[in-house]
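See below for the structure under consideration.
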Amino acid sequence: MVLWSEPLGMLLLVGILDGILILLNKGYKWATVQTDYSDVAKALTDKGLEDLGITIFI
């Protein structure tokens with residue numbers, strides 16, 4: 001569980017997840033996500049997105 005120190009991190013996470021959902025629905029098989037927020041990258045990694053073919057970069 002990630003405790004957000006700022007609301008911007010949560011907004012970024014939700015936006016990234018929405019974007020990934022759109023890509024998957026359009027038939028994309030993989031995606032690369034790059035973010036400067038380590039909390040967001042940690043939350044995405046904890047969700048196991050690598051199994052879906054999604055790579056997370058900090």
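The values are calculated or read from the model by the stated rules, or taken from the named source; none is laboratory data. Fair warning: this is a prediction, and the values are worked out from it, not measured in the lab. In this analysis, Cβ positions are derived from the backbone assuming ideal geometry, glycine residues included, and neighbour counts consider all displayed protein chains.
Under the condition of being out of contact with any Phe, Trp or Tyr (no Cβ under 9 Å at 6 or more places or on another chain) and either hydrophobic (A, V, I, L, M, F, W, C) or in a helix (DSSP H, G or I) (or both), the residues counted in the stretch 44-58 number 8. Between Gly9, Gly27, the distinction of being at pLDDT below 85 and either of a type in the set (Lys, Arg) or over 9 Å from the mean Cα position of the chain (by Cα) (or both) belongs to Gly9 only. Annotation for the stretch 31-42: no member residue is modelled with pLDDT under 80 and exposed (fewer than 11 other Cβ atoms within 10 Å of the Cβ). Return a yes/no flag: does the stretch 21-39 have any residue that is of a type in the set (Lys, Arg) and assigned to a helix (DSSP H, G or I). No, every residue in the stretch 21-39 fails to be of a type in the set (Lys, Arg) and assigned to a helix (DSSP H, G or I).
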